[in-house]
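Rule-based calculations on the coordinates, nothing more; no lab input. Nothing here was measured: the structure is a model prediction, and the numbers come from that model. Counting neighbours? That spans all protein chains shown, and the Cβs are built from the backbone with ideal geometry, glycine included.
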Amino acid sequence: MAEPVWKKYLTDWNEGLGVVYERFILNDYLDGIIDRHGIKTVLEAPLYGMAGVSGINSVRLAERGCEVTLVDENEDRLAGVEKIWERLNLPATFLQHQNFAQLPFDDNSFDLAWEWAGLWYLPNAEALLKELARVSRNLVFVAMPNNIQVGYLLRKYVIDRDFFPTVDEKWVQMGRIKKVLKAAGVAFIDEGVLDVPPWPDTVMPAAEVLKRLGIKSKKLNNQFTGDGWTWSTMAYYLGEQPDLRDRVMKYAWLDHAPLPWQIKTIWAHHRYVLGRVAG
């Protein structure tokens, strides 16, 4: 009998430095939302978008005591995510639902409805944005890859051109996202960039980038593929690598630099908008 697909979720946790960095930066922003706005109930729909381990974007919210609801259309992925949350000993509500254009929740059901970097995978991202606004009674938070960042352009035109025909690229346009949310009654209270490390965002391991660029450097390849080169947010959450955050966040000097976010845009990996639902 074939092994269930979800079992890989319990072992394949090496995400790479870039994804782990992204998670810690996101966690800091989510901490700020909780501290400033007293968030207690959260919906993340869909639960995918970030590379690496699916379904753990909202872990920090649960650690802070929020009631988290996670929605996904894929049964195997959702089963794996549920096993991960069991391993973390964190409560959450898991719901399989196919139609993100019509979420199965009443109006004003959550303090925060949010989505990270997954809009371009959806057949109707505009409808999801409207639904996030409908089911929230307070905040809507949405982020997408920054399409003017150097690594994005490198990926699109040089090293991973086959990826872009598989997504709806218009949903990296923050102006389009804001227009839909504004029409749905969302007033914006914050926007900017997150995830601004000193490396470009190519969404693939550094060794693979070097290979696709035709760079043959034994020293560089050993640096990124040598024994013990693993980065796992799950290991941090489970207490197995308690120093991981300190090792990763030493690269956050540009994220933390007191510069206007517009200046950081040329290097930032993600743009975001945070809004409050009117009424």
query = How large is the charge dipole for region 5-277, taken about the Cα centre, if only the Cβ atoms of Lys, Arg (+1) and Asp, Glu (-1) carry charge, to the nearest 20 debye?
reply = 860
remark   = All alpha-carbon distances of region 235-278, grouped into 10 Å bins from 0, give the whole-percent distribution 20, 33, 30, 16, 1
remark   = Among 186, 50, 196, the residue whose Cα sits farthest towards the positive end of the charge dipole of the chain (+1 at Cβ of Lys and Arg, -1 at Cβ of Asp and Glu, taken about the Cα centre) is 196
request  = Add +1 for every Lys or Arg and -1 for every Asp or Glu among the other residues with Cβ under 12 Å from the Cβ of residue 110, and state the total.
outcome  = -3
request  = Measure nothing but the geometry: give the 0 to 90° angle between the long axis through the Cα atoms of 174-183 and the longest principal axis through the Cα atoms of the chain, rounded to 10°.
outcome  = 10
Computed lengthening from residue 107 to residue 190, 0.36 nm per intervening residue step minus Cα-Cα distance = 27.6 nm
remark   = Links exceeding 22 Å between C-alpha atoms in this model, out of 130/179; 178/250; 170/250; 130/170, come to 178/250; 170/250
ask   = Taking amide H positions as placed 1.01 Å from N in the peptide plane, with prolines and chain starts having none, which residues 5 or more places from residue 45, or on another chain, fall under 5 Å of its amide H?
value = 114
ask   = If exposed chymotrypsin sites (Phe, Trp or Tyr not before Pro) are those in a DSSP loop with at most 15 other Cβ within 10 Å, what is the longest stretch of the chain that has none?
value = 1-162
message = Kirkwood hydrodynamic radius, computed over distinct alpha-carbon pairs, for region 5-277: how many Å, to one decimal?
response = 19.3
Cleavage-rule hits, trypsin sites (Lys or Arg not before Pro), region 111-181, DSSP coil, Cβ neighbours within 10 Å at most 15 = 161
Within the chain, helix-based [θ] at 222 nm, where runs of 4 or more DSSP H residues each add -39,500 (n - 2.57), nearest 500 = -9500 deg cm²/dmol
query = Expressed as a rounded percentage, what relative contact order does region 5-277 have, with Cα pairs under 8 Å and six or more residues apart?
reply = 23
request  = Mind pulling the angle between the C-alpha long axis of helix 125-135 and the longest principal axis of the chain? Nearest 10 degrees, somewhere in 0 to 90.
outcome  = 50
message = Check which residues have an amide H placed less than 5 Å from residue 139's amide H, if you skip close sequence neighbours.
response = 112, 113, 277
remark   = Note, region 73-87: 3J(HN,Hα) by Karplus (6.51, -1.76, 1.60, θ = phi - 60°), whole Hz, Gly/Pro = x, goes 8, 9, 5, 5, 5, 5, 4, x, 4, 4, 5, 4, 5, 4, 4
ask   = Can you run phi through the Karplus equation (6.51, -1.76, 1.60; θ = phi - 60°) for region 109-123 and list ³J(HN,Hα) in whole Hz, with x for Gly and Pro?
value = 8, 10, 5, 9, 10, 8, 8, 10, 6, x, 4, 6, 8, 8, x
query = Once amide H atoms are built 1.01 Å from N in the peptide plane, which residues 5 or more positions from residue 108, or in another chain, come under 5 Å H to H?
reply = 135, 136
inquiry  = Which residue, 239, 259, 129, has the largest displacement toward the positive end of the dipole of the chain when charges sit on each Cβ (Lys, Arg +1; Asp, Glu -1)?
reply    = 259
